[in-house]
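Chemist: Please find one structure pasted underneath; my questions will follow.
None of the figures in this text is laboratory data; all of them are computed from the coordinates on show. Not measured: the values here are computed from a predicted model. Here the Cβ is made from the backbone with ideal geometry for all residues, glycine too, and neighbour counts use every protein chain on show.
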Amino acid sequence: MPQERIDKLIASQGALSRSDVRRLIKSGAVAVNGIPVRDAGQKADPEKDQISVSGQPFLISKYLYLMLD
């Protein structure tokens, strides 16, 4: 996966909207490789960089599998 905007990466997982992610970034709750992110446009590579939200590791998965019955 190539580098993408950090707000887009986190929002793509479905738990938060991009505006929610931007608020978290402004509050200093998002970090890449242990360094707090202050710019929502900062790029990160989910395969190489460690992303954390509120101190918890945030795993980025490329695909979302749904099982319907």
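Chemist: How about the chain: which trypsin sites (Lys or Arg not before Pro) there lie in a loop by DSSP and see at most 15 other Cβ atoms within 10 Å?
Modeler: Arg38, Lys48, Lys62
Chemist: Could I ask something else about it? List the residues whose amide H sits under 5 Å from the amide H of Val30, counting only those 5 or more places along or on another chain, with H placed 1.01 Å from N in the peptide plane.
Modeler: Residues meeting the amide H criterion: Val37, Ser54.
Chemist: Using the alpha-carbon atoms, what tilt in degrees (0 to 90, nearest 10) does helix 18-27 show relative to the longest principal axis of the chain?
Modeler: For helix 18-27, the angle is close to 30 degrees.
Chemist: Tell me the label-point distance for the pair Asp20, Leu64, using the 7 Å Cα-to-Cβ offset, in nm and rounded to one decimal.
Modeler: Roughly 1.1 nm, to one decimal.
Chemist: Then there is this: Taking the Cα atoms of the chain alone, what are Rg (to one decimal) and Dmax (as a whole number) in Å?
Modeler: 12.1, 43
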